[in-house]
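Everything below concerns the one structure shown next.
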Amino acid sequence: MDPWIKRWLYTTNHKDIGTLYFVSALYFGFIGALLAILMRVQLSVPNNSFLGPTAYDQAVTMHGLIMILWFLSPLAIAFANYIMPLQIGAKDMALPRLNAFGYWIFVMGGIVASIGFFLPGGAANGGWTTYAPLSSTNYSPGPGPTLAFLGLIMLTVSITMGSVNILLTIAYMRAPGMTWRKMPMFTWFILFTILQMLFSFPSLLAGLLMLVSDRVLNTVIFSLPVSGGVAAGGAVLWDDVFWFFGHPEVYVVLLPAFGMVTEIIPVFSGRPLAERNIILAVTGAVVVPLSYLVWEHHMFITGVTLSEDEAFSVATLLISLPFDIIILAFVKSLAKSSIRLTVPMAFAIGSIVLFIIGGITGVFLSSFVLDVVFRGTYFVVAHFHYVMVGAAIFGLFGGIYYYLPKMTGRLYHENMARAHFIISFIGFNVLYFPMFFLIDMPRRVYTYTSIPLWNELNAIATVGAFIFALAQILLVWNLVYTIRKGRISPPNPWGATGLEWVPSIMGASSEGGMVSSTGIVEAHGGDAHSASDAHGVEGGHEGGMHEEHMSARPVQLALGITVSFFGLSFFTHGIGGAYDWQAGLCLLLAGFVLDGYALWGWASDDLKGKFKFNEGVTERWPFTNISKMRLGMYIFLASDIIVFGAVLASYLYLRFNSPVPWPIPGSIHDVTLGLILTIILITSGLTAVLALFSARAGNTSRLIQYLVATLVLASSFMIIKAGEWYGYITGSPSFAPWGGTLPESTYFFTIGLHGAHVTAGIVIMGYLIQKARKGGFKDGNITGVENFALYWAFVDIVWMFVFPLFYLV
Amino acid sequence: MLQLPVDVAPPTVVIWTSLFRYYLFLGTAAAIIVTAWMMYYIFSNRAKNVKEAPKFHEESGWGNWKTVLYTLMVTGTVLGFVEYETFASANLITTPSGDPMTISVTGIQWAWIFTYPNGHVAHGNLTVPQNEIIQLNITSVDVDHSFSIQTMDVAKDALPGVYSTVWFNATNTGVFVNAIRCKELCGIGHATMVANLTVVSQASFNKWYSALPVQSSTQSSSTGAPTGQVVTITIPSGIGDTKTLNFSPDSVSVAPGTTIMFVNQDTGSIHDIDFTSMPPGATVANNPSTNTNTWSGNSFTFTLTTPGTYSYKCDYHGWMTGTITVT
């Protein structure tokens, strides 16, 4: 294989992956912008027929999904990968292969989600909120929407992996002396972002899993048909599950940009950020937790009670208070300053100005009375574009210009960059400000009849869209120019004080490539002394790493999942051929084989001791007594708890709102059999703990015995479960996932999700037994067994909820 | 934007507009003050020598708590004030007292169906009397819609199985073209899911209303079904090529007087509804050409009153058959 291709496919280096995220995010941003331009052309004049309703709905849906989830967040993640480890003096991300897997599953998820454009029936077309029941197969048939939701699941997996990884990096990989108090602002804001991702995306994942189950397995969780329509429950349930994710996602998009702004402002105003710690305190203590408690303001007029509206309206106002403090602190940081109005600074200030407008109109929308008229109109469109495009993109673009000399070793073209800012700022306002006046024009309409003011305002917005879009050519031009011809930058062109600007950490190569292909790791590993000198920290890393920094496994694993998901999408709605179902099954199995191969390789790399990093001396308070992998497991389980919490809450919601009586306890499920399953699982929990104790005692043969016992118990649990399901499905009357009732759908979905966890546990046990046989746990490093014991306890505890909820009551 | 003089404006418009003015005034003032303040600092503090980076070594710490306190006091007061005004305007969305005229609104892909207390069913136009409080009971039979009357500044989501209400009082007579719109993406017909609001004087309304034929749907209350219930039968997308698909649902049982609405979601082929058998004495017009290569105008509505079993098929696709049982 060509070494260049091999490097980018197999790399696990944080700078390489950051670069990949960067390029991919810009690519997806280009696609999203293209869709936006198509929409603006369609809306430029009334009664236009440039795009039909089918094409327009697909454009509006995919524009939202791509821009928010495949452009904005990944652009922030690119900086989190590239810059954040440098800022805290980490050698790399904590889990480099997982990092690579997170990237590949993200980029392939994006392809899976948007491939629907080229399939019969088109891409997803129900809006980025994918409201049920419009997103069900009845109202959105075809493989395109299914693939979009599967692509979203892949993105959620990527986010979860990325969150665990970044959190571990911040918790464990900080250089000695890099205490929490000294941690740079961008790293802090990434930490807040990650905390929000970690607990909001699982809710989306739970919703998407149920939605895909509806589409592929014909369950009816969100779209129970009743005589003449769709039953109550599903629509409101989806609203809640989605917006519990959807509102924190707004801050997920915004906070990294604020992190950039807080990095840029002190450097170019020549004075420290005003109220630095207060900004951090209010963001961490108010914005992050409160963002989970305001989601209902997206549902003010769904028919909820007045007191709910009032409570969430007040909560929404409360969350605006920390932002008032932050903005005032930004303003104060410009007082008594000496401002160098460079391009990064201009973008940072632009970001603040646009956030002021977006934020204040957000206060308008927090009024549940005003929202009656604003809801679903272009006023809302203008508001969230001021926040998401204005505040977030301008902030991140500022970050691009600010870190471009760091990433390329070269200076950008100053005049072109200035032109980029000025034209973007003008274009942006010409595009979105007129929309504030379209208070009465519904969103997502593909056309409108000629109405005074609508015609003019839409025409102006379209002109603005072209100005704003064409301005971005200057950015791309400047990126290419900087890499190829830009003047060589001094190591610290801005006179910044951050650890990332310490000269020996420069990632530029003499050829002027984006990142040099070799030498980064060594250079980075050996930098610590100079870095600590510059930053007044003590100690240093021991020498550089020389391990092979490439792995084919992450990209293989991601590819396997992609192939499987293509197969899944063909199950109920094929591409029109006669053998869709069979083709789907073949693809699914092919994907499984590829995944198995990748995981096998991953595990055997571990058994051979590849990718075994010396943790070195780092700052790790408060996790001094917890190993890195175990903290990772805690974080993963915390997000998994939210997944199961959302699934079980959905079950209870549907059960209490069921249009028909729920079956009497014991009338379907055999309680005795359930009890036997429970006893088997509890016993396996016991043997898993005994395995852990044996490992701690260093008794390998006992460890293997107990692991095998756990494996046998878990397998018998699954075998009995399979027998039970076979009995339901073939019984009379049959009780099957596709039976079309809520008791059937919720039972098979929830038990199936738990069963999938048990199956994953069985696979992990197989690996652990193999590792134990090879003596892998002899040297006292028993993290693998510890993590498995934790995971298995979690699987047991989930069953402790599932069993009574489904069998007993 | 239709702006009425405030003295004759509908009460809901008065409530919304005056609240909006509070927010607009304070919001604009806040935006201008903060932005101007920032711009002042930026232009007055420009560095003399841009080449040379200023040095700063002082550590930024907690900063000045007083500034934060003042910020909180000022913004808290302003926000508290506007929120108080919002709470005071909540009567826009609460149910009015008294005994208003109640009209059911059902959202369906892609039309609004209005059912009056006497069972009269209309779509495309909502006729209401002037100067009378009207309450609308809103729901949907398929996907999420959002019902809004723009000239009245009222709106509520129409969700399947969820019943919610809005009220308004029309103070001006006239036909308000496309005043009623859907504000939630509900499929390809979302943009044209509009209806007119017709406001007539109370005398003309009573004359029109009493002249309407009394619908037999009121009998259906014995089966527990609401009066003027609408049952939708969908022709799903792709049915012309997929023999496993059929009318959805292909078999329904309804009360006498129920309105049956066929909705065609299949843009790929031609369909019709041909009744092959029906109970003696019953009449229903066959729809000879629900030819819908385009997506608009693709619904077909009729009311069944005679009990019995009605069988129908599509003449173009042999696998498309269904029955309606009226009991």
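With the structure loaded, tell me whether A:I762 is in a helix (DSSP H, G or I) and in contact with a helix residue (DSSP H, G or I) (Cβ under 6 Å, 6 or more places away or on another chain) or whether it fails that test.
yes
I'm checking my understanding of the structure. Among residues of the stretch B:29-67 that are in contact with a helix residue (DSSP H, G or I) (Cβ under 8 Å, 6 or more places away or on another chain), among the β-branched types (V, I, T) and modelled with pLDDT of 90 or more, which one is nearest to A:E414 (Cα to Cα)?
Ranking the candidates gives B:I42 first.
Out of A:Y446, A:Y402, A:Y386, I need the residue that is within 14 Å of chain B (Cβ to nearest Cβ), surrounded by 22 or more Cβ atoms within 10 Å (Cβ to Cβ) and closer than 30 Å to A:P491 by Cα. Which one?
Matching residue, one of A:Y446, A:Y402, A:Y386: A:Y402.
So, of the residues in the stretch B:160-187 that are without any contact (Cβ under 8 Å) to a residue 60 or more places away in the chain and of a type in the set (V, I, T), which turns out to be farthest from the other protein chains (Cβ to nearest Cβ)?
B:T173
In the stretch B:59-102, what residues are of a type in the set (S, T, Y) and within 8 Å of chain A (Cβ to nearest Cβ)?
Those that are of a type in the set (S, T, Y) and within 8 Å of chain A (Cβ to nearest Cβ): B:S60, B:T67, B:T71, B:T75, B:T86, B:S89, B:T94.
When the residues of the stretch A:253-292 are filtered to those that are of a type in the set (D, E, K, R) and not in a helix (DSSP H, G or I), which remaining residue is nearest to the other protein chains (Cβ to nearest Cβ)?
Here the answer is A:E275.
I'm checking my understanding of the structure. Among residues of the stretch A:467-493 that are within 28 Å of the chain's Cα centre (by Cα) and in contact (Cβ under 8 Å) with a residue 40 or more places away in the chain, which one is surrounded by the fewest Cβ atoms within 10 Å (Cβ to Cβ)?
A:V476
Under the condition of being at the interface with chain B (Cβ under 7 Å from one of its Cβ atoms) and in contact (Cβ under 8 Å) with a residue 60 or more places away in the chain, which residue from the stretch A:226-252 is surrounded by the most Cβ atoms within 10 Å (Cβ to Cβ)?
So the residue we want is A:V230.
What are the pairs, 6+ residues apart or on separate chains, where a residue within the stretch A:404-426 that is outside the structural domain of A:I17 (by TED's automatic domain parsing) has its Cβ under 8 Å from a residue that is among the acidic types (D, E)?
A:K406/A:E500
Select, from A:G144, A:G127, the only residue that is closer than 27 Å to A:T447 by Cβ, buried (at least 24 other Cβ atoms within 10 Å of the Cβ), within 14 Å of chain B (Cβ to nearest Cβ) and in contact (Cβ under 8 Å) with a residue 12 or more places away in the chain.
From the options A:G144, A:G127, the qualifying one is A:G144.
Can you tell me which residues in the stretch A:107-123 are in contact with a Gly (Cβ under 6 Å, 6 or more places away or on another chain), more than 11 Å from chain B (Cβ to nearest Cβ) and either more than 20 Å from A:L26 (Cβ to Cβ) or modelled with pLDDT under 90 (or both)?
A:G116, A:L119, A:A123
Quick grid of which residues meet (1) modelled with pLDDT of 95 or more; (2) not small (G, A, S):
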site: A:M1; (1), (2): no, yes
site: A:Y10; (1), (2): no, yes
site: A:I37; (1), (2): yes, yes
site: A:R40; (1), (2): yes, yes
site: A:L51; (1), (2): no, yes
site: A:L75; (1), (2): yes, yes
site: A:A90; (1), (2): no, no
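Grab the helices (runs of 4 or more DSSP H) fully contained in the stretch A:1-92, keeping just those with 1 or more residues being within 14 Å of chain B (Cβ to nearest Cβ) and farther than 30 Å from A:K182 by Cα.
In the stretch A:1-92, the matching helices (runs of 4 or more DSSP H) lie at A:14-43, A:53-65.
Of A:I105, A:I111, which residue is buried (at least 24 other Cβ atoms within 10 Å of the Cβ), touching a residue at least 12 places away in the same chain (Cβ under 8 Å) and of a type in the set (A, V, I, L, M)?
Among A:I105, A:I111, only A:I105 is buried (at least 24 other Cβ atoms within 10 Å of the Cβ), touching a residue at least 12 places away in the same chain (Cβ under 8 Å) and of a type in the set (A, V, I, L, M).
Based on what the data block shows, is A:G739 within 27 Å of the chain's Cα centre (by Cα), farther than 19 Å from A:M633 by Cβ and either surrounded by fewer than 21 Cβ atoms within 10 Å (Cβ to Cβ) or at pLDDT below 90 (or both)?
no
All but one of (1) under 30 Å from B:V194 (Cα atoms); (2) assigned to a helix (DSSP H, G or I) hold for A:G399, so report the exception by its number.
(1)
Run A:V157 past the list (1) surrounded by fewer than 24 Cβ atoms within 10 Å (Cβ to Cβ); (2) outside any helix (DSSP H, G or I) and report the number of the one that doesn't hold.
Among (1) surrounded by fewer than 24 Cβ atoms within 10 Å (Cβ to Cβ); (2) outside any helix (DSSP H, G or I), A:V157 violates only (2).
Report, by residue number, each residue of the stretch A:436-459 that is modelled with pLDDT of 95 or more and under 18 Å from A:L35 (Cα atoms).
A:N458, A:A459
As an exercise: evaluate A:I327 against (1) of a type outside the set (G, A, S); (2) assigned to a helix (DSSP H, G or I); (3) more than 7 Å from chain B (Cβ to nearest Cβ) and give the number of the one condition it does not meet.
Status for A:I327: all satisfied but (3).
Can you tell me which residue in the stretch B:8-50 is nearest to the other protein chains (Cβ to nearest Cβ), limited to those that are polar (S, T, N, Q) and not in a helix (DSSP H, G or I)?
The selected residue is B:N45.
Check the stretch A:349-362 and report whether any residue there is more than 10 Å from chain B (Cβ to nearest Cβ), modelled with pLDDT of 95 or more, over 26 Å from the mean Cα position of the chain (by Cα) and within 30 Å of A:E414 (Cβ to Cβ).
Within the stretch A:349-362, one or more residues are more than 10 Å from chain B (Cβ to nearest Cβ), modelled with pLDDT of 95 or more, over 26 Å from the mean Cα position of the chain (by Cα) and within 30 Å of A:E414 (Cβ to Cβ).
Please state which one of B:T232, B:T292, B:T223, B:T258 is at pLDDT below 65 and either in the same structural domain as B:V194 (by TED's automatic domain parsing) or under 29 Å from B:G189 (Cα atoms) (or both).
Criteria check complete, one pass: B:T292.
The values are calculated or read from the model by the stated rules, or taken from the named source; none is laboratory data. These numbers come from a predicted model, not from an experiment. Note: ideal-geometry Cβ built from the backbone for every residue, glycine included; neighbour counts use all protein chains shown.
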